[in-house]
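Okay, structure first, notes after.
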Amino acid sequence: MEKAKEITLVDAFKEFKEVKNIDKTVMLGVLKDVFLTQITKTFGSADNFDVIINVDKGNCEIYENFEIVSEEDFDDPDTQMTLAQVIEETGDDDYEVGDQYSKKFKLEDFGRRGILNIRQNLQGRIMDIDKANVFKKYSDKVGEIFTGEVYQTWSKEVLILDEDGNELHMPKNEQIPGERFKKNDTVRAIIKSVEMKNNTTPYITLSRTSNEFLEKLFEQEVPEILDGLITIKKVVRIPGERAKVAVESYDERIDPIGACIGVKGSRIIGIVRELRNENIDVLQWSTNTALLIQRALNPARTTSIDLGSSDKDKIKVYMQPDEVKRGIGKGGCNIKLAGMLTDREIEVWRELPKDGVEDEEEDVLLSEFNDVIDQWVIDRLESIGCDTARSVLACSPSDIAKRADLEDETVEEVFHILRAEFEE
């Protein structure tokens, strides 16, 4: 029974060393500290004990050291032995008073409970070291692309494992809208953050919606970016819908847009597929805000741009009526991304024809609806550049509600009225 206890403990050492990728020196220190802790707990002190660990063989030796004293000086049986006791125990009469006698301490002398405490303490210490190693490993990789296998999916997140079985999490808001994952799917995402949850467990967050993920995908697909010949100045996204990537090259011989797209779209097509067919616009960066807006709204053509008197003012972009829908984009995403690119809010205004007459078959002025829509609502809509029915319908209800500062119910009613006009 005693032998079985010792074998169990030794096997535990081997298991921890083989399974956990822990430095040998650190492992020695942990094992020694665990035994000294248990010795102190059992005997009150570990000052006269030596613990020798052999990690390679997976065994340990513990020695209890005694000072050999005369019968008259013997007063502490925990640290002293008389010469007669030593000779009787060892059968060796070469010892003398004043020598040190080291007695091997058997593991089973800790008792069943003591051995269990050692094993549990060892497991806890190794787990703490392992978690610290995982935290450091992934903290150093924040901002890098990670490829892993889906282990489990829930409604609020996807759990992904790395090659060592460590867990990484991709919350719902870090997934591209409409994505569906199943067990064993291979997933690529960027390592967004690493935190110690409850100060004990590293929580690694992955993201497929961050701008940095798209930027890293371009670095992988476009060698000129990785080599520094082309610089990505800014990336903005509405995940799953559309993205704009502003690039610049300091070498006039390199076309940054052409290099990013590739021959017949060969480079960008892989990125688009990775992002579930998210539309990606690559444009030439410019420090000229007006020029950058023109490029961001392309192929819609602008008539003029009013930047306002300060950086806090809304930018007013004027377009011909037939260009407005293209400029705003589906659900207002095009104009929204242009604003994100310039860090300014942009409003689209219709440039009225010189004779002031609209093509009624093409669109209808909001003022024509003042009998069914309150004038103050029309004023709010016109204040954000939506002065016709189609210019309102070109945006998403949520975008209109936010920009015009209207209640969702009010916006829903307006959309109902305007849609009915064209359905008739």
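Table for the structure above
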read-out: Loop-resident sites, the range 90-177, for chymotrypsin sites (Phe, Trp or Tyr not before Pro), counting at most 13 other Cβ within 10 Å (DSSP); value: 154
read-out: Segment residue 322-residue 95, length gained on full extension (0.36 nm per residue, minus Cα span); value: 70.9 nm
read-out: Accessible-area order (highest first, 1.4 angstrom probe) of the listed residues 169, 416; value: 416, 169
read-out: Counted charge near residue 144, where neighbours are those whose Cβ lies closer than 10 Å (Asp, Glu -1; Lys, Arg +1); value: 0
read-out: In Å², nearest 10: area of residue 306 left accessible to a 1.4 Å probe; value: 70
read-out: Residue-normalised accessible area of the chain, given per residue in Å² at a 1.4 Å probe; value: 57
read-out: Ratio Rg/Rh, restricted to the range 146-275 and using Cα atoms, in which Rh is the Kirkwood radius; value: 1.03
read-out: Share of carbon and sulfur in the accessible heavy-atom surface of the chain [1.4 Å probe, %]; value: 45
read-out: Two-decimal log10 I(q)/I(0) for the chain, as the Debye equation yields it once each C-alpha is a single scatterer, q = 0.07, 0.08, 0.10, 0.14 Å⁻¹; value: -0.59, -0.67, -0.85, -1.25
read-out: Entries in 234/330; 197/233; 32/197; 131/156; 141/402 that, when Cα-Cα distance is taken, lie over 26 Å; value: 197/233; 32/197; 141/402
read-out: Per-residue HN-Hα couplings for the range 313-321 [Karplus 6.51, -1.76, 1.60; θ = phi - 60°; Hz; x = Gly/Pro]; value: 6, 6, 8, 9, 10, 9, 9, 5, x
read-out: Tail fraction, Cα-Cα pairs, the range 254-350, threshold 17 Å, whole percent; value: 55
read-out: The chain: calculated mean residue ellipticity at 222 nm from DSSP helix runs of at least 4, using -39500 (n - 2.57); value: -12000 deg cm²/dmol
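The values are calculated or read from the model by the stated rules, or taken from the named source; none is laboratory data. This is a predicted model, so every value here is computed, not measured. Every residue, glycine as well, gets a Cβ built from its backbone with ideal geometry; the counts of neighbours run over all protein chains shown. Accessible surface is based on the protein model in full, side chains and every heavy atom, while ligands, DNA and RNA are left aside. Shrake-Rupley method; radii C 1.70, N 1.55, O 1.52, S 1.80 Å.
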